[in-house]
1. Sum up the charges of everything whose Cβ sits under 12 Å from the Cβ of B:Ser249, counting Lys and Arg as +1 and Asp and Glu as -1, but leave B:Ser249 out.
2. What does the accessible area of B:Asp297 come to, in Å² to the nearest 10, when a probe of 1.4 Å is used?
3. Kirkwood Rh, the stretch A:148-233, all Cα pairs: how many Å?
4. What ranking, highest mean first, results for peptides B:154-162, A:141-149 when packing means the other Cβ atoms within 10 Å averaged over each residue?
5. Pop out a list of residues from the stretch B:316-335 that are at least 40 Å² less accessible with all the protein chains around than in their chain alone; 1.4 Å probe, no ligands or nucleic acids counted.
6. I'd like the distance between the alpha-carbon centres of the stretch B:341-415 and the stretch A:1-67, rounded to an integer number of Å.
7. Can you give the helix-only mean residue ellipticity at 222 nm for the protein assembly as shown, where every DSSP H stretch with n ≥ 4 adds -39500 (n - 2.57) and the sum goes over all residues, rounded to the nearest 500 deg cm²/dmol?
8. Mind listing the Cα extents of the stretch B:62-277 along all three principal axes, in Å, largest one first?
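The values are calculated or read from the model by the stated rules, or taken from the named source; none is laboratory data. Since the model is a prediction, treat every value here as computed from it, not as a measurement. Note: ideal-geometry Cβ built from the backbone for every residue, glycine included; neighbour counts use all protein chains shown. SASA here: full protein model, heavy atoms, side chains in, ligands and nucleic acids out. Shrake-Rupley method; radii C 1.70, N 1.55, O 1.52, S 1.80 Å.
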Amino acid sequence: MSHPASAIVRVEHVHKYFRRGNERVDVLQDLTLEVPDGQFLGLMGPSGSGKTTLLNLIAGIDTPSEGDVWVQEERISAMSEGRLAHWRTKHVGFIFQFYHLLPVLSAYENVELPLLLLGLSAAQRRQQVSTALELVGLSDRVRHRPGQLSGGQQQRVGIARAIVTDPALIVADEPTGDLDAKSAEEILDLMVELRGALKKTILMVTHDPRAARRADRVLHLEKGQLVEQAAMV
Amino acid sequence: MKYLLLIYKNVGRNLLRSLLMVMGTMVLVLVVTLVWSVLAFIDKVTEEKSKDFKAIVSERWSAPSRMPYDYARVLAEGAARKDHPEDIHPDDSMTWQFFVGTLDRENMNFRNTMFGLACDPDKLLTMMMGLEKENLAGQQRREFETAVEKLKQTRNGIIIGHDHLKNLNAIIGNTRDTTLRDPIGRKFKLSGISTFTGLDLEFEIVGVFPPGRYDNFTAFNREYYQAAMDAYPGEHGGRQHPQAERNLSLVWLKMPDRASYNRIVEQINASSYLRNPEVKIEMASSAFGRFLEPFRDLLAGMRWLLAPACIVTLALVLANAISISVRERRTELAVMKVLGFRPLQIVLLVLGESVLMGLVAGLVSAGVTYAVINWGFGGVKFPIAFFDAFLIPINALYWGASVGAGAALVGSLFPAWFACQVKPAEVFAKVG
């Protein structure tokens, strides 16, 4: 099977099912997908369609029941848990719907957290954290704790945490789902800007058509299968 | 370093819960420290030493022991014979002559009754357990040396324990002042009771024992005691005091090693001078062990039930608190895993928080216990055998930290394992 050299993500004939008692629940069924490097991909679909599951598989926080997931030519679906953990730190940035910042840490410390796992010097960490916070426009809030920040600001910290390790792939699970319209627009502007400036590949799960419109390409999932692809650009 | 900072910050996440955990740990560490202080002292005195042996010589067939005072001279030399150069001598010795008297013969009670020891004052500094150079240092040592010097110079001087002095303040001074403000020079009279009846001794306080083990103890010059015995016939129609012939209770001997001890045992057993009455010599540890025999079950209960129960309770309390904390932070732990934290790092994070709290709480508890019990109360008042109070050893700091940290470690093992098993995909499962 040949693949375009520019595909950063390849999902090949992936099945994902769960057991609920004796019942088998198929979440993803024979799903195949390629995401070119640098693309902003939106994933839409009704609840239970498998969007988040697909995102988790591509991000290496879950493994497929069948099939393979390749990211940057690495077959992550075959990696051990420990290797996957290290791989995630270096190659994937996560943006969560509810930010999930550690409440006891300042904005600076939250952003620095993934860097602690990479064995960088304090000076290197300081430089990367400062750059990330500057990129999201929060240089003046570094000492604030999450509780002292607005929802939009917290999500900016979440984005800074996602990009601080300079990953090739950023996955976002409904990043605007907990924000008001104005903040959501700002976050989407920021993501588009980061994609352009840093050349990141972004995978975003969303229910919001306005958010999806910012993506280069939108995939629709229904009952665990891709049913429609729409080029937005 | 940053990891430790994260652990530290997590401890402060829920201050009330952390504070309650710390307080619970402190209380249980306090109990364990008190119990172990008593047991450690008893273990120490009943443990057979490898050097600096102390032995006790007493009358073989009678209790309480009553030996002729002349025995002191022979025993101080280890019953070494002059014409036997191979015989050896003890490194040091101390005679003990007991005396019991009351401040008020008409209304005698425990408070106005005192137990006294007539001895050679110099030996208080070298032969008394806990008062030797290695066990008593600094200001307390200097003050006690001054007291002993005064005892040598003052014929009827007496060094008195804190509890006795408090009773004196209440009975003679008619005051509840227990601060022992300038007791030096205060005079009082003890009328002998029981087998010491007829011996009325007037004393002048020349010093106070360091607080703790000797709170219910007094020591005075044996020459004054002997002089009182000698004066007795003059005041009682020429009759000797019943104790006059045999008023030596014990003789303590110190030897460098077991071989010396064995040799001196042979010398004493072979001595024809020490025949009437016969004497026995035994290791101090054996003698203490014999005294403690009636308390064997109590001590075993403290050692094998009370202390372990406290530690298990502590571990369960901590396990419960850490479990709640882990359950509350399930999403946060999942986020950390998503960011790349490995299961072992999550385990260390949870264990670290718990151990940090246990360690600090245990150390603080033991430190406060050490200071308050030793300096504030003069030791743990736990009268057992002839021991009155038990000082908290400095090792308690190590015990406290170890018990706190150890119980926290054990208590948080399961919650930590639970934490590292968190699956991000399940935590974030919206199946969307």
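1. +2
2. Accessible surface of B:Asp297 is approximately 120 Å².
3. On the way: mean 1/r = 0.0732 Å⁻¹.
Every distinct Cα pair counted, the radius reaches 13.7 Å.
4. B:154-162, A:141-149
5. Those residues are B:Glu332, B:Val335.
6. Answer, in whole Å: 52.
7. Value at 222 nm, helices only: -13500 deg cm²/dmol.
8. 59, 50, 29
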